[in-house]
Structure formats: C-alpha cells, structure tokens
Amino acid sequence: MGSTNSIADPVHVLEQAIEGGITLYQYREKGPSALEGLEKTKLAEKLFRVCKDADIPFIVNDDVDLALELDADGIHVGQEDLAADFVREKAGDKIVGVSTHTIDEAEKAIEDGADYLGLGPIYPTISKDDARAVSGLTIIENFRKNGIIVPIVGIGGINAKNARAVIQAGANGVSLISAIAAAADVKKAAMDLKKAVI
Ligand code: TZP
Ligand code: MG
C-alpha cells in the first residue's frame with residue numbers, strides 16, 4: 001500500500017492493519033498521484049517506524065535506493081523494474097521479492113537470488129494500472145507442479161472470501177491492497193483476512 005490506496009492517512013491505515021494482524025508490509029507508492037522525492041521518503045520513514053515498532057518486516061516496492069537509505073527489511077521488483085540479480089547484489093542479505101508470471105521468469109528470479117515470488121493478478125484488480133491478464137489460481141498450482149518450492153504470495157483481487165483458495169492452491173501467503181486499505185474498518189478487514197488464511 002502507498003499514499004494513493006486509502007482515503008484515510010496511510011500511517012493510521014497501517015497501524016490499524018497491524019492491529020488486525022498483518023504479518024508483513026510493502027510500501028508501494030504507485031499511480032498518477034503517487035508521491036515522489038522528499039515527500040515519498042518522509043512518508044516511507046513514518047511507515048517504516050510503525051513497522052519497526054510492531055516488529056513487522058517493511059519491504060520497499062521498486063525503489064532500491066529508498067530501501068537502502070532506510071535500511072528496510074527488503075525490496076520487491078517486477079519484471080519491468082531493475083533486474084533481480086542487480087537488486088540482490090545491492091540488497092545484501094535483505095529480503096528480495098520478485099513478481100513473476102511464467103516458470104521461466106520464476107526460475108530466473110530464483111537463480112538471481114529471489115527469496116519469494118509474487119504471482120498475479122490472481123483475480124481482477126483495480127489497484128494496478130498496468131496489471132497483466134488475470135491468471136486465476138492455476139498459475140500457483142502450475143508453479144508448484146513444476147518444482148518451484150520458494151515461498152509464493154498470490155496478489156490481485158484477494159479478499160476474505162477468496163483468500164483461502166489462494167493458500168489451498170499452494171501459496172504461502174496472500175498480499176493485497178484494497179481489501180484492507182480501502183476497507184471502512186481496516187482493523188476488522190485485516191482480522192477477517194487473517195481468519196481466512198489460518
Ligand atoms: N500486482 C498484481 S495485482 C496488484 C499488484 C501490485 C494490485 C493488488 O491490489 P488489490 O487491491 O489487492 O487487487
Ligand atoms: Mg512493479
């Protein structure tokens with residue numbers, strides 16, 4: 001989640017989500033009105049502090065420099081972002097996540113040093129302008145059938161009703177934006193999601 005994904009203050013949203021039981025946070029500042037420069041850094045610092053205080057890993061999406069500046073817990077990149085092997089080199093022992101859509105991309109990402117893979121969009125999403133075609137759950141099942149054993153998180157249109165199916169298809173976790181960040185009751189939304197996956 002980033003500043004464009006909630007109406008409420010993102011710091012408050014993150015605090016509520018953590019109270020509800022999220023286990024990891026990725027700062028993803030994207031979209032036409034995304035913050036840049038100092039404003040982005042300042043918000044990232046606040047969100048990082050919230051995560052630190054709660055002992056929740058903080059991962060930065062597609063901004064290696066910011067991740068290093070903050071000494072964040074990890075960095076996540078997509079196929080159109082910096083190459084995963086370069087990110088791994090820069091990141092040292094930080095967590096590196098890579099979004100992949102094919103077995104070839106997955107094998108390359110793992111070879112390059114990815115710790116986990118993001119797969120999606122599993123379901124239709126309104127949170128990513130340049131999202132690819134919906135993959136459905138079969139992508140997760142296929143990755144597992146093809147011997148991909150690293151941790152996988154599903155992403156895209158995941159909510160409390162469909163999250164369990166994502167885990168049952170072979171994912172280790174679910175990642176999502178709107179089902180929590182845009183919820184009227186953020187804490188309850190996170191609690192509902194958590195109940196759905198454990
Ligand atoms: N990558 C694939 S779908 C997506 C990203 C970043 C957006 C997920 O947002 P939502 O609101 O949970 O569908
Ligand atoms: Mg990306």
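Within segment 143-164, restricting attention to residues that are under 17 Å from Thr102 (Cβ atoms) and in a helix (DSSP H, G or I), the residue that is nearest to ligand 1 (Cβ to nearest atom) is Phe143. Of all the residues in segment 73-116, those that are in contact (Cβ under 8 Å) with a residue 24 or more places away in the chain, away from ligand 1 (no atom under 12 Å from the Cβ) and outside any helix (DSSP H, G or I) number 8. Being over 13 Å from the mean Cα position of the chain (by Cα), surrounded by 13 or more Cβ atoms within 10 Å (Cβ to Cβ) and within 18 Å of Met191 (Cα to Cα) is a property that Gly21 has.
Within segment 34-60, the only residue that satisfies the criterion of being within 16 Å of ligand 1 (Cβ to nearest atom) and in a loop (DSSP other than H, G, I, E, B) is Ala34. Number of residues in segment 170-198 that are surrounded by fewer than 22 Cβ atoms within 10 Å (Cβ to Cβ) and touching a Ser or Thr at 6+ places or on another chain (Cβ under 8 Å): the value is 3.
For residues that are part of a loop (DSSP other than H, G, I, E, B), more than 24 Å from Thr4 (Cβ to Cβ) and not small (Gly, Ala, Ser), tally how many sit in segment 117-142. Of the residues in that region, 1 qualify.
Values in this text are rule-based calculations from the coordinates and carry no lab data. The model shown is predicted, which means the values in this text are computed figures rather than measured ones. Using ideal geometry, Cβ is built from the backbone for each residue, glycine included, and neighbour counts are taken over all protein chains shown.
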